[in-house]
Amino acid sequence: MPKYLVVVESPAKARTINKFLGSNYVVRASYGHVRDLPKSTLGVDIENGFEPKYVQLRDASKAVKAIQEAAAKADRVLLASDPDREGEAIGWHVAEILKKTNKPVERIVFNEITKRGVKEAAKNPRSIDENLVNAQQARRVLDRLVGYKLSPLLQWRIRKGLSAGRVQSVAVRMVCERESEIRAFVPEEYWTVDADLFTPREEAVTARLHRVDGEKPKLPDKEATDAVLAGLEGAEYKIASIERKEVKRRPYAPFITSTLQQEASRKLRFTPRKTMSVAQQLYEGINIGADGTVGLITYMRTDSTRLSQESLEQIREYIAGNFEAAMLPQKPNFFQSKKGAQDAHEAIRPTLVQQTPEKMKQYLTDDQFALYSLIWKRTVACQMAPAVFDQTTVDIEAANCVFRVTGSIMKFAGFTKLYEETKDNTNGEKEGDKRLPEMAEGETLRLETLKPEQHFTKPPPRYTEATLIRALEENGIGRPSTYAPTINTIMERNYVVREKGRLQPTELGDQVNTLLVENFADILDLGFTARLEEDLDHIEEGKGEWHDLLRRFYANFEQDLQAAQKRMVSELGYDDTNCPNCGKPMQVREGRFGPFIACTDYPECKTTLKVERQTTEPTEEVCEKCGAPMVIRMGRFGRFMACSEYPKCKNTHNVDDQGNKVVRETKEPERTDQECHECKGVLLIRTNRQGEPFYGCENYPKCKFTKPKELDVPCPMPNCGGNLVPKRMKARRFIGCERYPDCEFQAFGQLDKEHKCAKCGHPWTTVVRAKNKPAVRRCPHPDCGHEETLAEADGGE
């Protein structure tokens with residue numbers, strides 16, 4: 001019996017697969033890539049057709065040794081890395097390091113890590129797909145060229161530690177441009193008019209002004225609104241038409257990578273990175289008791305909405321056996337994949353629909369259960385019948401105006417009985433029944449009141465991680481495997497921060513984006529980046545040659561790079577000059593640490609001139625501590641004002657967007673009638689870095705006695721009589737009783753005196769916020785403990 005070595009990326013995947021194959025199979029993990037471009041050099045031979053120079057990764061040496069030793073004892077090698085470009089490239093690199101063994105190497109691919117899926121793949125090996133490998137090599141070389149050439153320029157021009165990337169810089173540009181739109185937005189006033197009416201049966205209905213003189217109403221101000229109201233004085237409100245129609249809403253397509261990340265962000269508050277990490281665990285295998293370790297979902301990096309025939313039959317059988325007959329449509333539902341999708345893959349779905357979330361819950365962590373439930377429900381719901389609504393539209397004529405009211409009643413729940421997608425920017429509104437009273441054409445309605453209301457247009461919302469992924473996908477930027485790493489990178493680099501669930505560029509991000517857009521408009525152009533992705537797809541499909549793509553790209557990129565270097569050097573006062581040694585022209589050259597000026601007769605003449613970069617901006621401010629001029633510097637969190645005599649003088653100030661000094665407001669601490677327990681001085685009410693008040697001695701820093709300030713809230717424990725104070729236990733803050741240890745009451749979260757407990761009426765509550773989870777309002781009373789999930793905007797003091 002021949003012996004096989006199976007190579008996968010991760011040890012978790014290896015353990016799962018090892019249980020499905022016979023004793024003549026040995027499974028080893030590569031722990032990701034085993035070879036890559038070197039970190040210390042470009043690693044691409046530009047002069048020799050952009051040939052990459054791969055090196056074995058130091059961290060992979062142990063895994064490589066284990067794979068080589070196992071290959072020496074095997075008859076054949078099967079590469080079972082993930083079924084995408086990256087997985088194909090990992091397999092190809094493993095094959096390259098095994099060439100010396102002279103063992104036959106084949107590729108096996110499976111979309112789900114189940115016994116049936118793995119065994120079927122092992123029976124049908126194929127050769128490595130060179131087109132997939134070349135597409136990945138082209139992407140890797142493109143990313144290396146852009147990152148390696150642009151990052152030093154950013155570090156030289158702005159500050160050390162910065163990086164640029166082909167996709168990440170476009171994502172930063174999108175966030176920065178949205179912020180620019182918000183800053184430039186000028187609200188415009190507009191008005192609406194609602195009519196509160198009563199039917200002949202004295203049932204209330206509210207209609208909105210829909211037409212004036214047959215056209216959409218234009219009410220830019222109060223004067224225009226008053227003119228319409230004047231025309232309605234004494235008017236009769238008569239029902240002109242009633243239109244009733246049945247509206248169907250089809251179920252949503254099964255998840256692809258981008259939609260899973262978006263929905264997990266909205267519903268579960270998962271970051272894209274966390275979503276992919278938990279999905280990886282579900283894909284690679286979970287121990288489910290008697291059935292052992294098995295993959296619960298299919299491969300999670302996909303842009304195809306296709307479901308296999310076998311899975312469709314499974315899902316339809318489950319719906320027929322567990323829901324009413326009307327829930328199962330006559331034919332399966334099919335969904336159109338986006339242009340360029342890899343239809344060889346399937347959508348993300350459960351490997352076995354009979355493994356319901358309730359059955360699997362005991363084997364899963366909370367995060368795994370939440371994500372698996374989301375995937376399972378979406379998959380089953382996609383094969384259910386549409387939801388059906390009865391929609392009624394009533395037009396009411398009054399003078400030269402038409403008022404309209406629309407009602408909708410759910411006639412049949414359909415797929416919504418199992419799953420509803422969360423929408424962005426709905427302000428908590430949900431689609432549901434809006435019933436209208438009984439009305440008939442020709443009836444006259446009684447006017448109760450006209451309600452004019454002033455509104456102002458709102459700026460476009462900032463991106464969330466979910467909406468940024470959707471925008472990247474809609475613009476053809478990146479691919480399923482790149483969305484999560486891209487967002488993670490721009491946040492780790494401090495180009496973008498998350499504020500109240502929204503992405504906002506930092507001052508550093510704005511500065512980096514401005515520099516790149518001014519000098520590399522093509523690289524950061526959304527259309528150009530999307531076309532580059534299409535070119536990579538063509539290589540994967542065998543319709544393009546990867547070296548040709550790199551040559552075309554680099555020809556334009558090199559021109560932009562040289563022009564940018566020359567422009568930046570000129571801005572610092574270094575114009576082209578003649579060589580002081582040989583008299584020939586000097587030119588700007590690219591160095592590892594930024595641009596420099598060199599003789600054009602190199603290598604005959606090796607004269608160079610160093611270009612000193614401008615690291616500070618002069619100001620008119622004078623240091624109040626030492627009298628030296630103050631300058632603007634760039635720090636980790638953006639620009640700030642510092643003394644020019646640093647490090648002798650370390651005086652600093654914040655600056656505003658225009659570079660003006662922002663003076664920190666300081667107010668004298670409030671004196672109290674309390675005495676310091678240590679030095680008998682007077683206690684003052686001071687404020688810490690978090691803005692929280694506390695008692696501190698007037699003799700600080702000689703006396704460092706402090707104690708927490710009361711919150712003016714009595715302890716809720718029965719018969720205690722103490723007051724609550726802020727406390728800290730290690731790094732965690734909480735509210736505790738001043739009578740501790742006699743009273744051990746404690747509550748975590750922000751104190752909120754404005755909201756009572758909805759259940760027991762306790763006069764105050766706490767708001768607890770956890771990372772990647774919705775905020776929770778909690779009652780602190782020992783006999784209640786009621787909890788409720790809050791909308792994002794709600795909060796405490």
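In terms of the Cα gyration tensor, with a ≥ b ≥ c the square roots of its eigenvalues, is region 143-226 rounded because a/c is under 1.5, prolate because a/b exceeds b/c, or oblate? Because a/c hits 1.5 or more and a/b exceeds b/c, region 143-226 counts as prolate. A simple spin-label model places pseudo-atoms 7 Å from Cα toward Cβ; at E541 and T600 they are separated by 4.6 nm. Remark: the Cα gyration tensor places region 448-599 in the oblate category, a/c being 1.5 or greater and a/b not exceeding b/c. Rolling a 1.4 angstrom probe over the chain with all protein chains present gives an accessible area of which 47% lies on carbon and sulfur atoms. Take the Cα of E189, go 7 Å toward its beta carbon, and the backbone nitrogen atoms of region 214-244 under 16 Å from that spot belong to 218-229. Shape summary of the chain, radius of gyration then Dmax from alpha carbon positions: 33.3, 102 Å.
When the charge dipole of region 617-710 is built from unit charges on Cβ atoms (+1 for Lys and Arg, -1 for Asp and Glu) and taken about the Cα centre, the candidate among H677, N688, N654 whose Cα reaches farthest toward its positive end is H677. Measuring between alpha carbons in the structure, the pairs from K423/K500; K13/K73; K62/K149; K238/K411; K267/K756 lying more than 25 angstrom apart are K62/K149; K238/K411; K267/K756.
Distance from the Cα centroid of region 38-59 to that of region 521-564 is 19 Å (rounded to whole angstrom). The stretch between N688 and R249, if pulled fully straight at 0.36 nm per residue, gains 152.6 nm over its current Cα-Cα span. Which translational diffusion coefficient, to the nearest whole µm²/s, is obtained for region 24-89 from the Stokes-Einstein equation, given a Kirkwood hydrodynamic radius over C-alpha pairs, 25 °C and 0.890 mPa s? Using the Kirkwood radius from Cα pairs, D works out to 177 µm²/s. Do any trypsin sites (Lys or Arg not before Pro) in region 314-375 lie in a loop, going by DSSP, with at most 10 other beta-carbon atoms within 10 Å of their beta carbon, and if so which? Filter output for region 314-375: K339. Put the Cα centre of region 74-119 next to the Cα centre of region 405-424 and the gap is 46 Å.
For W764, the accessible area of its heavy atoms, probed at 1.4 Å with every protein chain present, is near 10 square angstrom.
Cross-link reach is defined here as a Cα-Cα straight distance under 18 Å, omitting same-chain residues fewer than 8 places apart; for K543 the lysines meeting it are K339.
The aspartates and glutamates within cross-link reach of K451, meaning a Cα-to-Cα straight distance under 14 Å and a gap of 8 or more places when in the same chain, are D194, D196, D226, E233. Length available on full extension from E474 to K610: 0.36 nm per residue minus the Cα-Cα distance, which gives 44.5 nm. Dipole check for region 71-121: with +1 at the C-beta of Lys and Arg, -1 at the C-beta of Asp and Glu, and the Cα centre as origin, the magnitude is about 340 Debye. Size descriptors for region 403-535 (Cα atoms only): Rg and Dmax, in that order, 23.1, 67 Å. Restricting region 216-248 to trypsin sites (Lys or Arg not before Pro) that sit in a DSSP loop and have at most 12 other Cβ atoms within 10 Å of their own Cβ leaves K218. Report summary: the helix-based calculation at 222 nm, which adds -39500 (n - 2.57) for every DSSP H run with n ≥ 4 and divides by the residues of the chain, gives -9500 deg cm²/dmol. In straight-distance terms, cross-link reach from K709 covers every one of the lysines whose alpha-carbon lies under 21 Å from its own, apart from those fewer than eight places away in the same chain; here that gives K667, K680, K727, K730, K753.
Ligands, DNA and RNA excluded, the heavy atoms of E233 present near 150 Å² of accessible surface to a 1.4 Å solvent probe. Accessible surface area normalised per residue over region 1-130 is 50 Å², counting heavy atoms of protein chains with a 1.4 Å rolling probe.
Ranking of H677, H33, H93 by solvent-accessible surface, largest first: H677, H33, H93 (1.4 Å probe, protein heavy atoms only, all chains present).
Electrostatic tally near L328: other residues with Cβ closer than 11 Å to its Cβ, Lys and Arg +1, Asp and Glu -1, net 0. Summing Cβ point charges (Lys, Arg +1; Asp, Glu -1) relative to the Cα centre of region 84-167 gives a dipole of roughly 360 debye. Just how much of V767 is accessible, in Å², when a 1.4 Å probe is used and the result is rounded to the nearest 10? The accessible area of V767 comes to roughly 0 Å². Averaged per residue, region 308-370 has 59 square angstrom of accessible surface, using a 1.4 angstrom probe with ligands and nucleic acids left out.
Proximity of backbone amide H atoms, modeled 1.01 Å from N, is registered between I128 and R107 at under 5 Å, excluding neighbours fewer than 5 places apart on the same chain.
The values are calculated or read from the model by the stated rules, or taken from the named source; none is laboratory data. This structure is a prediction, so every number in the text was calculated from the model and none was measured. Counting neighbours? That spans all protein chains shown, and the Cβs are built from the backbone with ideal geometry, glycine included. Ligands, DNA and RNA are stripped out before the accessible areas are found, and what is left, the full protein with its side chains, is counted by its heavy atoms. Shrake-Rupley method; radii C 1.70, N 1.55, O 1.52, S 1.80 Å.
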